[in-house]
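Have a look at the structure below before the remarks.
The values are calculated or read from the model by the stated rules, or taken from the named source; none is laboratory data. What you see is a predicted model; the values in this text were computed from it and never measured. We place every Cβ from the backbone using ideal geometry, glycine too, and count neighbours over all the protein chains shown. The area values use the complete protein model at the heavy-atom level, side chains included, leaving out ligands, DNA and RNA. Shrake-Rupley method; radii C 1.70, N 1.55, O 1.52, S 1.80 Å.
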Amino acid sequence: MGKKYLLNVKNLNISWRLDKASVPIVCGVDFSLEPGKVLGLVGESGCGKSVTALSLMRILPKELKIEDGEILFNGHNGGKTVDIAKLKPKGEDIQKIRGGRISMIFQEPMSSFSPLHTIGNQIIEVIEIHKKTARGEAEEITINLLKKAGIADARDAVKRYPFEFSGGMLQRAMIAKALSCNPSLLIADEPTTALDVTIQAQILNLMRDLQREFGTSIIFISHDLGVVGQMADEVAIMYMGKIVERGPTKNIFKTPKHPYTIKLLDAIPRLGNLEDRRRLEPIRGTVPGLFNRPPGCIFHDRCDSYMSGICDSAFPDLREMSENHFVACYLYEKGEMDQ
Amino acid sequence: MFSLIVRRIISALTTLFLISIVAFILIQLPPGDFVDAYASKKSQGGVIITKEQLDAMRIQMGLDKPLYQQYLKWIGGVLRGNLGYSWEYHRPVSEVIGERISITLILAFSTLLFTYVLAISIGIYSAVRQYSIGDHIATVLGYIGLAMPGFLFALILLYLGQKWFGMSVGGLFSPEFVDVPWSWAKFMDMIKHLWVPVLVLGMAGTAFQLRTMRATLLDELNKMYVTAARAGGVPEFRLLMKYPVRMAINPIVATLGWELSKIVSGAPIVGLVLSLPSTGPLFIQALLDQDMYLAGAMILFYCTMVVIGTFISDILLMIIDPRMRFKRSS
């Protein structure tokens with residue numbers, strides 16, 4: 001592949017270490033991201049999206065371990081590629097990347113700031129650590145960032161505490177914090193899930209504007225396909241720790257291949273459909289527990305196209321259907337058999 | 001913030017005033033008065049005192065007046081800095097308790113310092129290295145510390161000190177320093193003896209605060225804001241100290257007043273067992289003798305310590321937790 005990647009994740013395996021066993025959470029995830037692009041990572045709760053995201057910065061909770069795989073990151077200005085999966089999670093190298101080269105926006109803005117420190121303090125800290133600037137200068141940068149993030153009285157806001165902010169304001173502050181050191185990669189882990197719908201739209205617009213201005217690549221994690229459709233250039237669909245389909249956003253929405261993707265799209269409520277009184281189609285069954293992963297294709301027990309003897313044998317490989325559009329399903333194993 | 005502090009000062013003073021009334025009533029509650037206690041002591045020595053003599057004593061001491069008049073006389077004196085007269089010692093109360101109070105204060109504040117330094121640092125270690133060998137040792141010692149009463153621990157230390165080192169760990173001074181005026185050498189001698197009572201008095205509190213620190217910090221370590229700060233590239237040690245530890249210290253600071261009161265109220269019995277020249281043994285004796293003004297002054301002193309402790313902890317909380325400053329003013 002001749003393309004220049006910002007991030008190339010290969011065969012990422014993460015498991016939850018218990019006393020006597022270890023439970024796989026992320027099983028052989030591959031994806032890559034070009035500079036300046038937005039990748040949407042979609043899946044139900046517990047499918048491993050957030051764990052994948054946390055692992056990219058090595059901030060997994062201590063029970064979760066990267067068992068195997070590579071996270072090749074090309075975001076240093078010098079152009080040297082680092083394998084983040086091999087770095088020490090408490091070492092200096094990864095600390096320089098965190099907040100400096102890769103930063104993250106979290107799901108709950110309310111609990112992602114320390115209640116004991118001012119908003120300004122918590123953003124200035126990041127700038128001081130990475131840019132080694134003096135405090136006054138860091139404060140000016142912070143005020144500018146907050147203004148850009150749409151906080152009106154930014155000069156006053158730096159002195160205020162998180163409990164004096166609304167959820168939407170805090171999310172703006174978090175975006176300002178994440179962008180404070182011009183990272184090459186921004187990971188947004190369900191950044192709008194905890195917000196009102198009207199605020200959601202504002203935050204998404206803000207992120208898109210800033211992404212254009214800063215040229216940052218984004219990994220946008222969400223369970224909301226509608227939101228991802230607006231934001232992403234490329235979408236990866238995850239189910240139980242595996243990517244089952246991946247491709248350009250248009251392809252995924254227009255010609256979804258994997259039965260799970262098709263079902264997910266059917267489950268989106270659409271305003272236009274109110275008149276047809278079409279019932280939403282829920283996906284049959286529930287996600288199996290972490291302790292009993294089905295053999296073969298992990299989706300086979302909920303799949304309408306289940307083929308006995310094939311689907312429960314082994315997990316299918318990701319196969320390129322059209323340019324950059326990959327799917328892992330036996331329905332397409334023969335290639336020419338379509339739909 | 002300023003008005004909050006003023007309000008706290010006013011409520012602290014009100015509390016002290018109410019306590020002085022309760023204290024005065026409490027001292028009067030046991031049957032009999034100083035004169036009765038005096039007479040029974042004398043009669044044990046074979047001296048017979050007539051009823052007329054006793055009544056004369058009462059009139060002289062003002063014990064024949066109604067309770068409220070006695071109280072007003074006493075509290076009026078206290079406000080002017082006169083704590084009254086100790087009948088048992090035939091000296092003003094302030095003279096009797098003067099030196100002992102400073103020793104009690106040294107004892108209480110060293111114990112407090114010992115408790116907090118040890119509890120916070122071991123608590124942090126225990127939480128960060130959860131289930132390590134060190135954590136298990138701290139846990140076991142903590143349970144023992146919580147379960148064992150202070151006076152028992154004092155007795156064990158006395159026994160062990162005698163048996164292993166052939167020395168008396170009781171008291172606060174070496175014999176040659178007991179009756180000499182304060183000097184640098186005497187002060188150093190006290191520091192050398194101080195660790196035993198500090199250990200005894202601080203043990204339960206340390207164990208308790210250690211458990212609190214460990215539990216709260218374990219909670220805080222998994223909070224979102226810690227992960228978020230880590231994602232900003234904050235180095236681990238700075239991260240630990242700046243965010244979760246500061247949050248976890250809140251409940252510890254909040255119990256400062258309470259801890260001080262436990263140390264102060266635990267002190268008399270331990271002081272008796274370890275024969276310390278603190279206010280403890282004096283207090284117990286004053287109660288037994290019904291030496292009214294002495295006992296009243298001591299109760300007032302102990303309560304003032306508690307009120308001051310609570311006051312300090314409130315102010316500290318306002319300083320470390322911005323949410324406390326805003327709650328009332330908004």
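Roughly what % of DSSP beta bridges within the protein assembly as shown run antiparallel, to the nearest 5?
Antiparallel: roughly 65 percent of the beta bridges in the protein assembly as shown.
Counting other Cβ atoms within 10 Å, which GluC sites (Glu not before Pro) in region A:8-70 have at most 13 and lie in a DSSP loop?
A:E63
Please figure out what share of the DSSP beta bridges in chain A is antiparallel and state it in percent, rounded to the nearest 5.
60
Within region B:285-327, what residues put their amide N at less than 20 Å from the label point 7 Å along the Cα-to-Cβ vector of B:D36?
In region B:285-327, the label zone of B:D36 (backbone N under 20 Å from the point 7 Å along Cα→Cβ) covers B:285-296.
Going out from 0 in 20 Å bins, what whole percent of all Cα-Cα distances in chain A drops into each bin?
29, 56, 14, 0
Kindly provide the Kirkwood hydrodynamic radius of region B:175-330 in Å, to one decimal, from all pairs of distinct alpha carbon atoms.
19.0 Å is the Kirkwood radius here.
If I build a Gaussian network model for chain B, linking alpha-carbon pairs within less than 10 angstrom, which residue out of B:V307, B:V234, B:V169 has the largest mean-square fluctuation?
B:V234
For A:L146, A:L60, give the ranking by accessible area with the largest first, probe 1.4 Å.
Putting A:L146, A:L60 in descending order of accessible area: A:L60, A:L146.
How far apart, in nanometres, would the label points at A:K96 and A:D209 be if each is projected 7 angstrom from Cα along the Cα-to-Cβ direction?
Going from the A:K96 label point to the A:D209 one covers 3.4 nm.
Over the whole of B:241-251, what's the average partner chain Cβ count within 10 Å per residue? Rounded to a whole number, please.
Per residue, the average neighbour count from other chains is 2.
How do B:39-49, B:103-113 rank on mean C-beta neighbours within 10 Å, highest first?
For the peptides B:39-49, B:103-113, the packing ranking is B:103-113, B:39-49.
Each residue of region B:13-20 in order: what ³J(HN,Hα) in whole Hz does its phi give by Karplus 6.51 cos²θ - 1.76 cosθ + 1.60, θ = phi - 60°, with x for Gly and Pro?
Residue by residue, region B:13-20 yields 5, 4, 4, 4, 4, 4, 4, 4 Hz.
Report the residue, chosen from A:A314, A:A328, A:A173, that carries the largest GNM mean-square fluctuation when chain A is represented by alpha-carbon nodes joined by springs under 10 Å.
Comparing A:A314, A:A328, A:A173 in the GNM, the peak value goes to A:A314.
Mind listing the long-range amide H neighbours of A:V38? Cut-off is under 5 Å, sequence gap 5 or more, other chains count too, H placed in the peptide plane at 1.01 Å from N.
Here A:I218, A:D233, A:E234 satisfy the definition.
Find out how many positive minus negative residues lie around B:L210, taking Lys and Arg as positive, Asp and Glu as negative, among other residues whose Cβ is under 13 Å from that of B:L210.
0
Beyond a 26 Å Cα-Cα separation, which of these cross-linked pairs lie in this structure: A:K62/A:K131; A:K37/A:K90; A:K10/A:K90?
Those over the limit are A:K62/A:K131; A:K37/A:K90.
Sticking with the crude label model, points 7 Å out along Cα→Cβ, report the distance from A:F291 to A:A314 in nm, one decimal please.
2.9
In nm, to one decimal, how far is the modelled label at B:W184 from the one at A:A152, with both set 7 Å along Cα→Cβ?
6.6
Name the residues of region A:108-144 whose accessible area, probed at 1.4 Å, falls by at least 50 Å² once all protein chains are in place instead of their chain on its own?
At a threshold of 50 Å² (probe 1.4 Å), the residues of region A:108-144 that become less exposed are A:P115, A:L116, A:H117, A:E125, A:I129.
Show me, for region B:79-87, the HN-Hα J-couplings you get by feeding each phi into the Karplus relation (A = 6.51, B = -1.76, C = 1.60, θ = phi - 60°), rounded to Hz, glycine and proline as x.
5, 8, x, 9, 7, x, 10, 8, 5
A drop of at least 30 square angstrom in accessible area, chain alone versus all protein chains together, probe 1.4 Å. Which residues of region B:201-231 meet that?
In region B:201-231, residues shielded by partner chains: B:M224, B:Y225, B:T227, B:A228, B:R230, B:A231.
Under 5 Å between amide H atoms, partner at least 5 residues away or on a different chain: which partners does A:G28 have, H built in plane at 1.01 Å?
The list, which skips near neighbours in sequence, is A:L12, A:N13, A:I14.
Calculated from DSSP H runs of 4 or more alone, at -39500 (n - 2.57) each and per residue, what is the 222 nm mean residue ellipticity of chain A, nearest 500?
It lands at -8500 deg cm²/dmol.
For region B:106-287, calculate the relative contact order in percent as a whole number, restricting contacts to Cα pairs under 8 Å that are 6 or more residues apart.
Reported relative contact order: 34 percent.
Given a Förster distance of 30 Å, report the FRET efficiency between B:V6 and B:R246 from their Cβ-Cβ distance, rounded to the nearest 0.05.
Computed FRET efficiency for B:V6 and B:R246: 0.65.
Rounded to the nearest 500 deg cm²/dmol, what is the calculated helix-only ellipticity per residue at 222 nm for chain B, with -39500 (n - 2.57) per DSSP H run of length n ≥ 4?
Value at 222 nm, helices only: -26000 deg cm²/dmol.
As a test of the definition: with a 1.4 Å probe, what buried accessible area, both sides summed, do you compute for B against A, in Å² to the nearest 100?
Approximately 2300 Å², summed over both chains.
How much of the accessible area of the protein assembly as shown, in percent, comes from carbon and sulfur atoms when a 1.4 Å probe is used?
61
At most 10 other Cβ atoms within 10 Å and a DSSP loop assignment: could you name the trypsin sites (Lys or Arg not before Pro) in region A:37-86 that fit?
Within region A:37-86, the qualifying trypsin sites (Lys or Arg not before Pro) (loop, at most 10 other Cβ atoms within 10 Å) are A:K62, A:K80.
What ranking, highest mean first, results for peptides B:147-157, B:178-188 when packing means the other Cβ atoms within 10 Å averaged over each residue?
Peptide ranking by packing, descending: B:147-157, B:178-188.
Send over a whole-number figure in Å² for the accessible area per residue of region A:111-239, probe 1.4 Å.
Result: 35 Å² per residue.
Give me the extension gain from B:W164 to B:N82: residue separation times 0.36 nm, minus the current Cα-Cα distance, reported in nm with one decimal.
Computed gain between B:W164 and B:N82 is 24.8 nm.
Do any GluC sites (Glu not before Pro) in region B:163-267 lie in a DSSP loop with no more than 13 other beta carbon atoms within 10 Å, and if so, which?
none
Pairs A:K86/A:K257; A:K148/B:K242; A:K250/B:K223: which are spaced more than 30 Å apart, C-alpha to C-alpha?
Too far apart for the 30 Å limit: A:K86/A:K257; A:K250/B:K223.
Got a sec to turn the phi values of region A:313-319 into Karplus ³J(HN,Hα) couplings, 6.51 cos²θ - 1.76 cosθ + 1.60 with θ = phi - 60°, whole Hz, x for Gly and Pro?
Calculated HN-Hα couplings, in order: 8, 8, 6, x, 6, 6, 10 Hz.
Please calculate how many Å² of accessible area chain B carries per residue, with a 1.4 Å probe and no DNA, RNA or ligand atoms counted.
51
Once the piece of chain linking B:Q130 and B:S43 is laid out straight, how much longer is it, given 0.36 nm per residue of separation minus the C-alpha distance between them?
This chain segment gains 24.9 nm when fully extended.
In a GNM of chain B with a 10 Å cut-off on Cα contacts, which of B:Q162, B:Q290, B:Q53 has the highest mean-square fluctuation?
In the Gaussian network model the winner is B:Q53.
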